[in-house]
């Protein structure tokens with residue numbers, strides 16, 4: 001089991017999965033506590049409140065809401081439309097990041113032709129796309145960054161240019177093979193970030209809430225990476 005700060009991992013899940021736990025908890029502040037029944041624990045009461053708030057939000061939402069929340073301490077889950085396929089938006093970047101760490105792990109073991117975290121990349125102006133807050137401030141042809149830097153840009157501010165560079169460096173097919181190997185049959189990387197033409201053709205990055213929490217669970221339980229790489233991966237996210 002990876003030793004990590006529980007609050008850091010909760011923040012990671014909040015940022016990269018479909019879970020809306022933080023928003024629900026915030027909106028619940030100041031509300032009367034639900035009446036306890038014999039045998040209820042504090043966690044039971046919190047989950048009841050969470051379930052109630054999810055239903056309230058879903059009822060008000062002008063659209064379809066997918067939710068998957070997993071308590072890694074006891075396996076308790078809250079699911080709503082959890083197997084429905086949704087556009088993945090930036091949550092698909094988690095899969096790109098995981099494939100980068102998987103390849104780096106293989107490179108450390110002596111495999112050739114794998115992307116490494118310390119590989120250098122020279123920034124090119126053609127890399128820029130919309131919502132590239134950090135990359136847009138770099139000097140083209142001069143600034144050199146590592147894959148680790150790109151990964152940090154991608155997860156810290158969701159920099160799309162950084163994500164697209166890593167998309168090329170680790171390979172779309174490799175990302176999807178990783179997902180299939182973890183038993184995720186619906187979550188799929190099909191295009192780069194901000195590729196509107198591809199999206200209009202129907203080449204959309206997709207995921208289900210259920211598969212996203214299973215991906216996070218696999219990472220946490222060291223089923224995707226070894227112990228060292230898992231610890232580094234979680235540190236990158238936190």
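The values are calculated or read from the model by the stated rules, or taken from the named source; none is laboratory data. Because the structure is a prediction, the values reported are computed rather than measured. Quick reminder, even Gly has a Cβ in these numbers, built from the backbone with ideal geometry, and neighbours come from all protein chains shown.
A compact table of results
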{"quantity": "Selection status of residue 104, loosely packed, with under 14 Cβ neighbours inside 10 Å and modelled with pLDDT of 95 or more", "calculated": "no"}
{"quantity": "Filter result (surrounded by fewer than 18 Cβ atoms within 10 Å (Cβ to Cβ) and under 13 Å from the mean Cα position of the chain (by Cα)) within region 196-213", "calculated": "206"}
{"quantity": "Filtered residue count, region 53-82, keeping only those that are more than 14 Å from residue 213 (Cα to Cα) and in contact with a helix residue (DSSP H, G or I) (Cβ under 6 Å, 6 or more places away or on another chain)", "calculated": "2"}
{"quantity": "Residues of region 185-197 classified as modelled with pLDDT under 95 and over 19 Å from residue 132 (Cα atoms), total", "calculated": "0"}
{"quantity": "1 or more residues more than 17 Å from residue 237 (Cβ to Cβ) and not assigned by TED's automatic domain parsing to the domain that holds residue 148: qualifying strands (runs of 3 or more DSSP E) within region 49-122", "calculated": "67-70, 77-80"}
{"quantity": "In region 130-166, residue surrounded by the most Cβ atoms within 10 Å (Cβ to Cβ) [restricted to those that are within 25 Å of residue 198 (Cα to Cα) and modelled with pLDDT under 90]", "calculated": "135"}
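For (1) under 13 Å from the mean Cα position of the chain (by Cα); (2) assigned by TED's automatic domain parsing to the domain that holds residue 100, each residue gets a yes or a no:
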| position | (1), (2) |
| --- | --- |
| 155 | yes, yes |
| 158 | yes, yes |
| 165 | no, yes |
| 181 | no, yes |
| 189 | yes, yes |
| 193 | no, yes |
| 230 | no, no |
| 233 | yes, no |
